[in-house]
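Structure first, then comments.
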Amino acid sequence: MQEIKNGIALLDKKRPGWCEKIDLEILDLGSTFTCVLGQLYKEDFNALSYRTQFLHGTPFGLGVSRLKLENASDYGFDSSAHNSYGRLETGWKRAIKGHCG
């Protein structure tokens, strides 16, 4: 899926070492806490003040904000009209195993 390739390229550029922070056992693209961005930005989110957490809503929201994404589905981080969460999750798991080893 091109969107996932876009997401991997973006993470390689903006979040070096991101592979080590993803736990495939809990990866769930239907959750804003255990999706790709949720896992990557959870520690950052937890370190924020309550007021700042409220502004971002979830670790996923913080990731979208910090990466300056207009449309998270363009990078495979969110579902789109033609990609379901299940399909994306399977695609991410395969891609992470192939890319990250």
Handout entry: Approximate spin-label separation C100-Q2, in nm, with each point projected 7 Å along Cα-to-Cβ
Key = 2.5 nm
Practice task
Using θ = phi - 60° and the Karplus relation 6.51 cos²θ - 1.76 cosθ + 1.60, list the HN-Hα couplings for segment 7-21 in order, rounded to whole Hz, with x at every Gly or Pro.
Solution key: x, 5, 4, 5, 5, 4, 7, 9, 9, x, x, 4, 4, 5, 8
Completion exercise
Expected vector for segment 56-62, Karplus 3J(HN,Hα) from phi with 6.51, -1.76, 1.60 and θ = phi - 60°, integer Hz, x for Gly and Pro, equals 8, x, 8, x, 4, x, 5
Fill in the blank from the handout: Taking a label point 7 Å from the Cα of K21 along Cα-to-Cβ, the residues of segment 43-68 whose backbone nitrogen sits under 12 Å from it are 43-47, 59-60, 62-64, 66-67
Exercise for the section: Report the percentage of all Cα-Cα pairs in the chain whose separation exceeds 24 Å, rounded to a whole percent. Expected result: 15 percent
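Every number here is computed from the coordinates shown, using simple stated rules; none is lab data. Every value quoted in this text rests on a predicted model; they were computed, and no experiment measured them. Ideal geometry is used to build each Cβ from the backbone, glycine not excepted, and the neighbour counts take in all protein chains shown.
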